[in-house]
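Report on one structure; see the data block that follows.
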Amino acid sequence: MDLKSAKVAVIGLGYVGLPLAVEFGKKRCVTGFDIDDARLLELRAGQDNTLEVSVDELAEAKDNLVFTSNPEDLRDCDVFIVTVPTPIDAARRPDLTPLIKASETVGKILPQGAIVIFESTVYPGATEEVCVPILERASGKRFNADFYCGYSPERINPGDKVHRLTTIKKVTAGSTPEVGVAVDELYASIVTAGTHLASSIKVAEAAKVIENTQRDLNIALMNELALIFNRLGIDTLEVLEAAGTKWNFLPFRPGLVGGHCIGVDPYYLTYKAQEVGYHPEVVLAGRRINDSMGDHVADEVVKLLLRNNVEVLNAQVLILGLTFKENCPDLRNTKVIDVVKRLKDYSLKVDVFDPWIAVASASEQYGLDCLDELPSDGQYDAIVLAVAHDHFNELGMERIRRLGKSDAVIYDIKSVLPTESIQGRL
């Protein structure tokens with residue numbers, strides 16, 4: 001099976017899909033599909049508000065790249081790459097709605113012999129147990145006879161300008177050995193870091209979901225250590241720096257675990273484990289710890305205010321940063337919102353400033369009215385550095401302190417401010 005001249009469709013043009021469409025668009029014809037017409041208008045104008053793709057990169061691919069919201073425009077494609085989000089619902093169960101709808105859309109226009117490749121993070125077995133039956137029903141075609149599937153999990157790291165699509169090794173898999181090789185060669189044409197061909201789609205699915213589960217558990221251990229050391233009156237950062245002098249000590253730090261991957265993917269694995277009769281303990285224990293850290297931070301800020309003899313009721317707090325990580329505008333599943341909600345539960349007045357976000361997006365996603373510029377000096381009883389944006393690092397400690405009253409509490413979630421200048425940190 002030779003895909004050298006295949007026309008590619010990318011379904012979903014967010015943080016994962018757009019970089020993929022652009023890289024393939026530098027070499028072949030690509031149709032980028034998304035149901036968000038506002039997003040398509042922006043991309044047609046050569047702009048990307050996720051900041052994952054530059055103006056120059058979009059321009060480089062524009063001659064081969066078409067953006068559409070009309071499924072009929074996909075009929076002449078040979079390969080369909082699905083890059084829609086796979087979130088969790090309010091009960092922390094996998095929400096496959098976007099994946100199901102994308103599979104239905106592709107199935108309705110699926111040509112003979114096509115390959116459908118999924119990049120969305122799922123539990124092992126989801127591609128063949130959920131997506132394939134939908135493709136068969138919608139198309140009237142037979143799996144591994146009239147169409148084929150592949151899986152190549154995304155490894156996009158939002159805001160990272162070093163580890164990008166082309167420089168991160170790509171795991172690939174196919175529904176038959178021949179398709180696996182074809183899928184691997186397709187990605188190898190754009191990924192300079194190389195590829196790793198897994199023996200099956202299930203293996204590739206499992207590999208992806210444990211990548212982030214492993215990180216989640218390591219951070220959970222650091223968070224639990226921070227909770228212990230806080231009660232012992234020991235500085236966690238000092239402990240980690242001392243332990244880090246050993247060559248094989250892993251350099252993880254405590255923190256808020258949000259975003260579309262680390263805070264979500266473990267629930268896909270535990271869901272499937274429970275479905276087959278195994279009740280995971282270690283993975284869910286890590287999730288419980290990490291999901292509780294926003295409340296812990298807020299509680300610590302309130303304790304520090306009380307020690308400062310500040311009247312907590314209606315005290316004013318400034319949160320610096322809202323995105324789930326530094327130097328990117330991504331608000332998905334940010335755990336900073338947990339800190340905000342908990343502080344408001346104590347009847348504190350909370351302002352949030354983040355230079356990376358669109359204020360309207362924060363309002364739409366979280367009902368939060370953020371400041372659109374750095375506030376005036378001297379009005380806050382506490383300041384919480386929640387996200388280590390370069391913007392805040394460049395402000396410096398003295399400038400940050402001036403935002404608060406003379407005796408304001410400074411709490412540093414990210415452990416980037418000078419120890420002697422703050423009152424608390426994880």
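Points to keep in mind about this one:
- Residue-normalised accessible area of the chain, expressed per residue, 1.4 Å probe, Å²: 44
- Subtracting the Cα-Cα distance of VAL276 and ALA45 from their residue separation scaled by 0.36 nm leaves 78.4 nm.
- Rounded to the nearest 0.05, the FRET efficiency derived from the C-beta distance between LYS26 and HIS196 at R0 = 22 Å is 0.45.
- Estimated FRET transfer efficiency when R0 is 25 angstrom, pair LEU232-ALA285 (beta carbons, to 0.05): 0.75
- Listed residues TYR366, GLY378, VAL297: farthest to the positive end of the dipole of segment 234-386 (Cβ charges): VAL297
- Loop-located trypsin sites (Lys or Arg not before Pro) in segment 320-386 (DSSP state not H, G, I, E or B) with no more than 12 neighbouring Cβ atoms inside 10 Å do not occur.
- Spin-label model, ARG402/GLU364: points 7 Å from Cα along the beta carbon direction are separated by 3.5 nm.
- Along the axis of the charge dipole computed for the chain (Cβ charges of +1 for Lys and Arg, -1 for Asp and Glu, origin at the Cα centre), the listed residues ALA243, PHE24, ALA388 are led at the positive end by ALA243.
- Candidate aspartates and glutamates for bridging to LYS202, where Cα separation is under 18 Å - those fewer than 8 sequence places away on the same chain excluded: GLU119, GLU128, GLU129, GLU154, GLU178, ASP184, GLU211, ASP265, GLU275
- In a fully extended conformation the segment linking ALA59 and GLU185 would gain 42.8 nm over its present Cα-Cα distance, using 0.36 nm per residue.
- Förster radius 35 Å - calculated FRET efficiency between LEU374 and ARG75 (Cβ-Cβ, nearest 0.05): 0.10
- Accessible area of segment 251-333 belonging to carbon and sulfur atoms, whole % at 1.4 Å probe: 53
- Dipole of segment 13-138 [Lys/Arg +1, Asp/Glu -1 at C-beta], most positive-end residue of SER120, ALA45, THR68: SER120
- DSSP H segments from the chain that extend 24 Å or more along their own axis, Cα-based, with Kyte-Doolittle mean of -0.5 or above: 201-232
- Per residue, the convex hull volume that the Cα atoms of segment 337-426 enclose (Å³): 101
- Accessible-area composition of segment 128-213, carbon plus sulfur, in percent [1.4 Å probe]: 55
- In a reduced charge model with +1 at each Lys and Arg Cβ and -1 at each Asp and Glu Cβ, segment 1-127 shows a dipole moment near 320 debye about its Cα centre.
- Listed pairs LYS349/LYS405; LYS208/LYS246; LYS108/LYS272; LYS170/LYS272; LYS4/LYS170 exceeding 21 Å between Cα atoms: LYS208/LYS246; LYS108/LYS272; LYS170/LYS272
- Think of each Lys and Arg Cβ as +1 and each Asp and Glu Cβ as -1; about the Cα centre, that makes the dipole of the chain roughly 680 debye.
- Taking the Cα centre of segment 341-422 as origin and assigning +1 to Lys and Arg Cβ atoms and -1 to Asp and Glu Cβ atoms, the resulting dipole is close to 280 debye.
The values are calculated or read from the model by the stated rules, or taken from the named source; none is laboratory data. Source: prediction; values computed, not measured. Heads up, the Cβs are rebuilt from the backbone with ideal geometry, glycines too, and the neighbour counts pull from every protein chain shown. The area values use the complete protein model at the heavy-atom level, side chains included, leaving out ligands, DNA and RNA. Shrake-Rupley method; radii C 1.70, N 1.55, O 1.52, S 1.80 Å.
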